[in-house]
Amino acid sequence: MRMTRMVAVAAVAALSLGIAACGGDDSDSGNDSSSGSKDFAAGSTMEKLNKAQKITIGTKFDQPGFGLKGLDGKPAGFDVEIGKLIADELGIADDKITWVETPSAVREEKIEKAEVDLVVATYTINDKRKERIDFAGPYYEAGQNILVKADDSSITGPDSFKAGDKKVCSVQGSTPATNIEKYLANKASQLVVFDVYQKCVDALTNGQVNAVTTDNVILLGFIARNEGKFKLAGENFTKEPYGIGLKKGDTAFRTFVNDTLDKIFKDGQWEKAWKDTAGKYVDETPTPPTINRY
Amino acid sequence: MSVLVDHFDVFASGFWLTFQLCLLSAVGALLMGTLGAVMRISPVPPLRWVGTAYVTVFRNCPLTIVFFFAAFGLPSLGSNADFLKIPGLDSLFTRLGIDLPYFRFGIIALSLYTGAFVCEAIRSGINAVSPGQAEAARAIGLTFTQNLRFVVLPQAWKAAIVPLGSVIIAMIKNSALAGFFGVVGDLSNGAQNLTSALGEPIIPVFVGVSIGFLIMTAPLGLLLDRIERRRTVAR
Amino acid sequence: MKDQQTVLYDAPGPRARRITLIGSIVAVLLIIAGGYFLIYKPLDDKGQFSMDLWGPLIDPNNEVFPLVWERLGEGFKATLIAAALAIVSSLVMGTALAVLRIQLKSLVKRRYEDLATPLAYLLRGLNWFLSAVSRIFVEIFRGLPVVITIFFVASALPDLGVDLGDILWYLVIGLTLYNMVVIGEILRSGMEGLPGGQREAAEAMGLSPFQTTRMILLPQAFRIMLPALISQLVVVLKDTSLGFIISYEEVLKVSTQIIQALDDPNPIQTYTVVGTIYILVNYALSKLAEYVQRRLARGRKTRGLPIPEKPSAALIAEVEAGGRL
C-alpha cells in the first residue's frame, strides 16, 4: 500500500515536471498540430484540456459510417475522425481520447453535466437543443431520406405515408422519428422504433415494414453494404446540419472549434476523413458547409 | 409534476396498451404452461422430453433474448404471427389486427417465457398432492383421467394458485420490455418518448409509469398475500 | 424422477406399452417433420445456415473469429462483474432490510409503559412510521419492473446531482434496489416461518431481540432459504442483460455492436450463441439449487423440521415475482 502510494506520488511529480518542461519548449509552435503542450488563453477550456492531456468525446457506437464500435472495440467513422482532428488541434494524442457512447436521448444531458467535453454524434443543430447547449459547426449537412427495397416503386417520398397503409421504422428518440410522425395517418399502425438502425433494416428485409427513415448518409451506408437490395425513395426532405455539441456559454471554446473546422475544411483533412469513412459509400465528395458563428 | 396532467393521455393509453398486452399474454402463458405440464406428465417419453426442453430453455434464457427471437427470429421463419389476428378479438384489442406485427410478437415472447414458469408452478402443485391421494383413487378403480380430474387436479389447483399468481405478477413487470422491441405506445415506450423526444423531466414521468404498473401489480400481490395467509391459518 | 406422475397410472401392460411405443414414434416423426418444415427449411431458404454468417462465431480459422470472441469475452466479463456486484450488495442490503423489518415488527408492539406518556407516544409513533415506510419501500420496488427501475436510476440520479461516473454503478444500484427487496422478503419469511420455540428459547436465555435475530433466526433462515437465494442468482444474471437499455456494455450490447460491425450482419446466429451460453450457465446454477434443496430436505427430514419443497423453476418464478414464498 505504502509502496504503491510512493510510486504514484513519484509518477505524478515526474509527469508534472515533464509537462512544465514541455510548456517551456513549445511556446512558439502553437499552431503545430502535433500532440504536446500548446499556448492557450489562461483559464480557457482549451488550456484546461491541454494541461490535462486528455479529452472525453461523446459519439455514437452504432452508426455505420459515422461512429460505430468496431470488432477491435474502438469506435470508427466520420464523427470519430472529426473528434480526433479537434483533439489533435488541442495538442492531445489520439490514444488520450476517452470515447463515451452518447445515444440520441442523452446527448444534451451528458454535455450539461460535463460528463463529456464535446459531442460529435450525427447531432442535428436545432433551436430547441440550443436552449440547453451550444453548437459549433456545422461540419456536414445531411438530409432525411427514406430507404426502401430496390423493387418498391410505391413509396416516392414522405407523402406516401399519408395514405396510412405504409409502415416505417426509425430509432427511438431521434430527430428522424419525430420528423416522419407528421406524415403518418396513424402512428400506432405505421411507425415502429428500435434502438439501432440495423434492426430497422432487418425488419425491412423481412417485410415487417416498407421503409426505414433517417439521414441519407446512414441509409447510403446500408445500400452499399447490401448491394442491389435497397434504394433511396426520392430526394432528401429535410436539412440536417450536423454540429458539435458544447457546454452552453463557452464561447471561446466554440470559436476555437469553429476555427479548427475552418482549418480542416481548407487543408484537406476534412475531405480525407470523409473519404476514409462515410465517403466510402457515396460517390461524390460533398463541399464543406458554411460555419454558423452565431 | 405538470407532465402527469399535460400528458395524461400518454399515460392512460400506455396503461391501456400494457394492460391489453398483459391480459392476452397471461392467457397465452396459461395455455402454454398447461400444455407444457401435460406434456411433462404424459406417458409418452418424446413428449416429456419436449416439455422438459421447453421449460429448460425458456426459464434459463434472458427475456431480452426471447424478445429478440420473437421480433427478428419469427420473421426469418416467414411468420408475421398472423394466426393471432383472431376475428372478433381484434375489434376489442385493436393492436392485434394491425399490419405491424410487433404487438403480436410481444404476446408470443411473453407467453412463451412465462409459460415455462406456469408449467413449473402447475407441476409443483401436482407434486404437492400427497401420493397417497392418487394411490387411493386408483385403488377404488378410477382411471388416469378420472384420477386427474376428480382427485389430483382439484387439490393441485389449490397448491398452485399462489405460485401462479406470482408468475403472472412477474409477467406484468416483464411486459415493460415490449416497449424496447417495437411495441409503440405502451407504458415504457411512452415514458421513453416523453423523456427523450419531448425532453420532459424524468422523475414525474417515472412516477406516472410506476403508478401504471403498481395499479396492476400491487392489488394482485395483496390478494395473493391474503390467500396465502388464510391458507397458512387453515393448515 | 420420484414424483407424482409415477402413481398417476399403473405400470403399463403389454397393450399400453405398445400404444406408448406407437405414440412415441408418431410424436418423434411429428417433431422431426415440424422442425424441418417450420424451422430448418425457412431458415435454409433465407441462407441463415451460410458459413458467412456462422463463420465469425464458430470457425477458428475465420479472420475475425478471434476479434469477435475477444469482444464477447469482454461482454461476458462485464455481465459477470455487474451480476456479482449486484448479488453481493443485494445480499448485504437485503439482510439488513429483513433484520430491520423484523425488529420494527417487534418494536411496534412495544408500549413503552415505563416511559413518560408523551415520550412513549412519540416512540410508538416513530416505530409505526418507520415500519410503514419500510413496508411501502418493499411494496413499491417489488411491484415495479426492473427495466424501469434501472432506467430511472440511471437518469434520475445524475439529475439529483449524484454522479457515479461509470454506468456499471447505475446498473448495480438498479438491480440492487429490486433484488435487495426480494432477498429481504425471502429472509424475513424464512425467519417468520421458524418454529416459535426458537425465539422463545433464545429470549429465555436472556438474548436481546437483536441478538436473537442475529445468532438464532438469521442463520437458520439462510439455511432454509439457500435454494431460493441460489435461484435469485439466476434472476440477477438474466437481469444484467437489461443493462443494454442504459448503454452498459454487457454481452448483449456488445453482441449488437459486433453484429453491426461485421460485413454480413448475423443477428440470429450471434444471439443463438449468446443465448446458449446463458442457458448453460443458468441451467448449471438451477441444478445446483436443486441439489442444495435435496440435501437440505434430507437433513431436515431426520430432524422433523419443516421442509421447503418447491421445484427450482417455481422458486425462480416466485423469487422473480418479488419473493412471495
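Could you tell me whether B:ALA218 is closer than 29 Å to B:ILE65 by Cα, touching a Gly at 6+ places or on another chain (Cβ under 8 Å) and either surrounded by fewer than 14 Cβ atoms within 10 Å (Cβ to Cβ) or within 14 Å of chain A (Cβ to nearest Cβ) (or both)? Taking the combined requirement at face value, the residue does not satisfy it. Would you confirm whether or not the range B:155-168 contains a residue that is modelled with pLDDT under 85, assigned to a helix (DSSP H, G or I), more than 7 Å from chain C (Cβ to nearest Cβ) and surrounded by fewer than 16 Cβ atoms within 10 Å (Cβ to Cβ)? Checked against the condition, which is being modelled with pLDDT under 85, assigned to a helix (DSSP H, G or I), more than 7 Å from chain C (Cβ to nearest Cβ) and surrounded by fewer than 16 Cβ atoms within 10 Å (Cβ to Cβ), the range B:155-168 yields at least one hit.
Whenever a residue of the range A:217-231 is over 20 Å from A:TYR242 (Cβ atoms), its partners that are hydroxyl-bearing (Ser, Thr, Tyr) and at pLDDT 80 or above, lying with C-beta atoms within less than 9 angstrom and at least six residues away or across chains, give the pairs A:ASN226/A:THR205; A:LYS229/A:THR205; A:PHE230/A:THR205.
For A:PHE237, the conditions (1) over 26 Å from A:LEU118 (Cα atoms); (2) surrounded by fewer than 15 Cβ atoms within 10 Å (Cβ to Cβ) are fulfilled apart from (2). Looking for something in contact with a Lys or Arg (Cβ under 7 Å, 6 or more places away or on another chain), modelled with pLDDT of 85 or more and not polar (S, T, N, Q) - is there at least one such residue anywhere in the range A:82-93? Scanning the range A:82-93 turns up at least one residue that is in contact with a Lys or Arg (Cβ under 7 Å, 6 or more places away or on another chain), modelled with pLDDT of 85 or more and not polar (S, T, N, Q). When C:TYR248 is tested against (1) out of contact with any Gly (no Cβ under 9 Å at 6 or more places or on another chain); (2) within 12 Å of another protein chain (Cβ to nearest Cβ); (3) among the hydroxyl-bearing types (Ser, Thr, Tyr); (4) surrounded by fewer than 22 Cβ atoms within 10 Å (Cβ to Cβ), exactly one condition is not met: (4). When you scan the range C:124-132, do you find a residue that is farther than 27 Å from C:ASP239 by Cα and touching an Asp or Glu at 6+ places or on another chain (Cβ under 7 Å), even just one? No; the residues of the range C:124-132 include none that is farther than 27 Å from C:ASP239 by Cα and touching an Asp or Glu at 6+ places or on another chain (Cβ under 7 Å).
Summed over the range A:41-95, the residues that are under 24 Å from A:ASP215 (Cα atoms), without any contact (Cβ under 8 Å) to a residue 60 or more places away in the chain and hydrophobic (A, V, I, L, M, F, W, C) give a count of 2. Only residues that are at pLDDT below 85, surrounded by 18 or more Cβ atoms within 10 Å (Cβ to Cβ) and more than 8 Å from every other protein chain (Cβ to nearest Cβ): list them for the range C:267-291, please. Once the filter is applied, which keeps residues that are at pLDDT below 85, surrounded by 18 or more Cβ atoms within 10 Å (Cβ to Cβ) and more than 8 Å from every other protein chain (Cβ to nearest Cβ), the range C:267-291 yields only C:ALA289.
Of the residues screened, B:LEU177 is one that is part of a helix (DSSP H, G or I) and at the interface with another protein chain (Cβ under 9 Å from one of its Cβ atoms).
Of all residues in the range A:254-275, those that are under 23 Å from C:ALA261 (Cα atoms) and under 15 Å from the mean Cα position of the chain (by Cα) total 2.
The listed residues are A:ILE57, A:ILE92, A:ILE82, and the only one of them that is buried (at least 20 other Cβ atoms within 10 Å of the Cβ) and part of a helix (DSSP H, G or I) turns out to be A:ILE82. Within the range A:102-133, the only residue that satisfies the criterion of being assigned to a loop (DSSP other than H, G, I, E, B), without any contact (Cβ under 8 Å) to a residue 24 or more places away in the chain and more than 10 Å from chain B (Cβ to nearest Cβ) is A:LYS113.
Yes/no per residue for (1) among the β-branched types (Val, Ile, Thr); (2) more than 30 Å from B:GLY199 (Cβ to Cβ); (3) assigned to a helix (DSSP H, G or I):
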position	(1), (2), (3)
B:TRP16	no, no, yes
B:LEU24	no, yes, yes
B:LEU35	no, yes, yes
B:VAL38	yes, yes, yes
B:VAL50	yes, yes, yes
B:ALA53	no, yes, yes
B:ILE86	yes, yes, no
B:PHE105	no, no, yes
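Of the set (1) under 18 Å from the mean Cα position of the chain (by Cα); (2) surrounded by fewer than 21 Cβ atoms within 10 Å (Cβ to Cβ); (3) at pLDDT 90 or above, all apply to A:LYS149 but (1). Checked against the criterion of being on the phi > 0 side of the Ramachandran plot and of a type outside the set (Ser, Thr, Tyr), the candidates C:GLY161, C:GLY193, C:GLY184, C:GLY174 yield just one match: C:GLY161.
Screening C:ILE136 with (1) surrounded by 13 or more Cβ atoms within 10 Å (Cβ to Cβ); (2) within 25 Å of the chain's Cα centre (by Cα); (3) of a type outside the set (Phe, Trp, Tyr) gives one miss only, at (1). Would you confirm whether any residue within the range A:257-264 is without any contact (Cβ under 8 Å) to a residue 24 or more places away in the chain and either part of a helix (DSSP H, G or I) or among the aromatic types (Phe, Trp, Tyr) (or both)? The answer is yes; a qualifying residue exists. Tell me whether the range C:189-207 contains one or more residues that are within 13 Å of chain B (Cβ to nearest Cβ) and not polar (S, T, N, Q). Yes: one or more hits.
Might you let me know whether the range A:207-216 holds any residue that is within 30 Å of C:ASP264 (Cα to Cα), in contact (Cβ under 8 Å) with a residue 24 or more places away in the chain, among the hydroxyl-bearing types (Ser, Thr, Tyr) and in a loop (DSSP other than H, G, I, E, B)? For the range A:207-216, residues within 30 Å of C:ASP264 (Cα to Cα), in contact (Cβ under 8 Å) with a residue 24 or more places away in the chain, among the hydroxyl-bearing types (Ser, Thr, Tyr) and in a loop (DSSP other than H, G, I, E, B): absent. Assess whether B:ALA81 counts as being within 14 Å of chain A (Cβ to nearest Cβ) and modelled with pLDDT under 85. So B:ALA81 fits the description; yes.
When you check A:GLY164 against the structure, is it within 11 Å of another protein chain (Cβ to nearest Cβ), small (Gly, Ala, Ser), in contact (Cβ under 8 Å) with a residue 60 or more places away in the chain and outside any strand (DSSP E or B), yes or no? In short, no. Note on the range B:169-211: residues that are buried (at least 24 other Cβ atoms within 10 Å of the Cβ), under 20 Å from the mean Cα position of the chain (by Cα) and under 13 Å from B:VAL10 (Cβ atoms) total 5.
The values are calculated or read from the model by the stated rules, or taken from the named source; none is laboratory data. Fair warning: this is a prediction, and the values are worked out from it, not measured in the lab. In this analysis, Cβ positions are derived from the backbone assuming ideal geometry, glycine residues included, and neighbour counts consider all displayed protein chains.
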